[in-house]
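Engineer: Here you go, one structure.
Every number here is computed from the coordinates shown, using simple stated rules; none is lab data. Keep in mind that this is a model prediction, so the values were computed, not measured.
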Amino acid sequence: MPIQGLRFQAVITVISILVCGALIWNVGNAGRWSQAAASPRAADAPKEIQAPLPPPGNPNAQQPATPPAAPPLPVDPTLVSKVKGEGKVVALTLDDGPWPEWTDKALSLLARYEVKATFCMVGQQAKDHPDLVRKVVAAGHTLCNHTMTHDINLKKKTPEEIHAQMQEALEWIHKASPGTPVRWYRAPGGNWSDEVRQTAASLGMGSLHWTVDTNDWQKPGVDKMLQTVHSQLGPRGVILCHDGGGERTQTIAMLDRLIPELKSAGYTFVTP
């Protein structure tokens with residue numbers, strides 16, 4: 001073959017090698033760029049993916065759901081005239097307070113004899129004398145709702161009025177002593193009805209009556225009141241007297257004799 005032919009063939013071979021190499025390089029790079037294009041950069045990600053998780057304690061973080069509170073236990077609307085227990089147990093109740101001077105005197109006397117009583121409070125008195133409410137609670141006595149205004153005709157009122165009298169009294173008692181339970185309601189004058197008892201129960205209060213009425217509000221004299229108590233009292237009895245509603249000198253004097261007499265007779269003072 002002539003020399004010119006060999007040179008031409010060599011040139012063709014070199015060109016072919018160069019063209020094949022270029023094609024291979026382009027295909028490889030095209031594959032790499034295609035892979036990059038298929039995986040978006042972090043900066044191009046949707047915003048909700050980029051947002052960091054809230055740190056611990058973040059107030060905007062969603063909290064676990066709180067289990068619902070257990071419903072309150074139903075209250076028996078049956079009228080209660082005796083306390084629980086066996087034998088000579090007795091409950092002392094004081095109505096119409098809290099009252100300046102006389103509630104303090106009653107508290108001092110009860111503390112001296114180490115007796116716990118139930119104070120049936122009028123809402124208006126609790127509103128006017130919240131410090132006395134707190135003193136009664138601090139001494140460990142039981143609270144009872146005695147309506148807002150001591151309405152002795154409450155059972156003749158509408159259901160709404162009955163509810164309002166009890167509810168408002170509760171509110172003022174709780175404003176004076178937040179969180180203190182008021183487990184009992186007593187109808188002024190002992191004027192009960194089904195509506196009154198059911199309303200009290202709906203507000204979480206039992207209906208508390210009595211077995212012994214000292215009639216101390218009439219001021220019949222200490223001896224007469226003591227005679228009444230001894231004639232009416234039996235096991236598990238509930239004694240009614242007053243620390244409010246007016247001047248209570250006879251009541252305090254009567255209790256100062258009655259409590260040690262009953263203790264000497266074997267009675268134990270309890271709360272309902």
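Engineer: How would region 157-201 be classified by its alpha-carbon gyration tensor: rounded, prolate or oblate, with rounded meaning a/c under 1.5 and the a/b versus b/c comparison settling the rest?
Structural biologist: Prolate is the answer for region 157-201, as a/c is 1.5 or above and a/b outweighs b/c.
Engineer: Then there is this: Less than 20 Å apart at the alpha-carbon level, and either on another chain or at least 8 residues along: which lysines does that give for K219?
Structural biologist: Correct list for K219: K105.
Engineer: Past the 27 Å Cα-Cα mark, which pairs from K84/K263; K88/K135; K88/K155? Don't skip to the answer; put the middle values down first.
Structural biologist: Numbers: K84/K263 18 Å; K88/K135 29 Å; K88/K155 33 Å.
Long pairs (Cα-Cα over 27 Å): K88/K135; K88/K155.
Engineer: What relative contact order, as a whole-number percentage, does region 158-258 give when Cα pairs under 8 Å and 6 or more residues apart are counted?
Structural biologist: Relative contact order here is 22 percent.
Engineer: If you average the alpha carbon positions of region 208-272 and of region 73-121, how far apart do those two centres end up, in angstrom?
Structural biologist: 11
Engineer: With a/c under 1.5 counting as rounded, go ahead and sort region 116-169 into rounded, prolate or oblate using the C-alpha gyration tensor (a ≥ b ≥ c being the square roots of the eigenvalues; past the cut-off, prolate if a/b is larger than b/c, else oblate).
Structural biologist: Prolate, because a/c is 1.5 or more and a/b exceeds b/c.
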